[in-house]
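Chemist: Got a structure for you, questions after.
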Amino acid sequence: MTKLKLFSFMATLSLITSCASTPPTNQGNICKIFAQEPGWFNDAKKSEKKWGTPISTLMSFVRQESSYRKNAKPPIRWVAFIPLGRPTSAKGYAQALDPVWKEYKAERGKLLKSRSDMSDALDFIGWYNQKSHNQLGIRLSDPENLYLAYHEGRGGFSRGSYNKKPKLRKIAKKVARTAFQYETQLTKCRKLYECYGFHKFWPFCRK
């Protein structure tokens, strides 16, 4: 298959998958994730460029928070046969809570943002991590502590609330392992997706 035909095929694939709601079938391989949802690479790259969080870390957060399910919500709590509602207002790819999502939308100045949109979710994660970096000094190359601040809030992180939550500490380490695994995998396929898009035909694609 020629490169022109390849990128034409990927553009067509993007139109088909952009409306898809089925999570990636192989969530352990970022190259295969982007093969199934090629538009997500551009979304992640845009967030990386604006906020500084690497693509691998952004995607590892989404995997942990929602397993790439756009309408993910915490499970309903039950007592016997009585539903007590959901424990939090978390929703969407990034599992953003209502208050912080409201803050994000107010600061970003766009009312139409959606937690069920991958582009908005990745922008939100990048935005939040930059605030954690600026306010707490967490390096953007430190996915473990970025995740702890993301989960606990910056106030909770500064108080060390995560120290009393061994399960959360294990999850944060898992997020970091996923991020590093994704980063290694991405070195093998990033050039392909750098050239993805109808305006980026090889050899004139913009890096």
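Chemist: Go through (1) modelled with pLDDT of 95 or more; (2) closer than 20 Å to ARG63 by Cβ one by one and return the number of the condition LYS188 breaks.
Modeler: (1)
Chemist: Let me ask something else. Spot the failing condition for LYS102; the list is (1) more than 15 Å from the chain's Cα centre (by Cα); (2) at pLDDT 95 or above, and only one is missed.
Modeler: The failed condition is (2).
Chemist: Of the residues SER132, SER116, SER161, which is modelled with pLDDT under 95 and of a type in the set (S, T, N, Q)?
Modeler: Numbers: SER132 fails: modelled with pLDDT under 95; SER161 fails: modelled with pLDDT under 95.
That would be SER116, the only listed residue that is modelled with pLDDT under 95 and of a type in the set (S, T, N, Q).
Chemist: When you go through (1) of a type in the set (Gly, Ala, Ser); (2) over 15 Å from PHE61 (Cα atoms); (3) at pLDDT 95 or above one by one for GLY153, which number turns out not to apply?
Modeler: All conditions pass for GLY153, except number (2).
Chemist: Here's a follow-up. Among the residues that make up region 132-146, is at least one of them of a type in the set (D, E, K, R) and farther than 27 Å from THR184 by Cβ? First the steps, then the outcome.
Modeler: Residues of region 132-146 of a type in the set (D, E, K, R): 139, 142, 144.
If we keep only those that are farther than 27 Å from THR184 by Cβ too, we end up with none.
So far as region 132-146 goes, no, none of its residues is of a type in the set (D, E, K, R) and farther than 27 Å from THR184 by Cβ.
Chemist: Could you check region 14-40 and list, in sequence order, the residues that are within 17 Å of ALA72 (Cα to Cα) and either at pLDDT 95 or above or assigned to a helix (DSSP H, G or I) (or both)?
Modeler: GLN27
The values are calculated or read from the model by the stated rules, or taken from the named source; none is laboratory data. These numbers were taken from a predicted model, which means no experiment stands behind them. Virtual Cβ from ideal backbone geometry, glycine too; neighbours counted across all protein chains shown.
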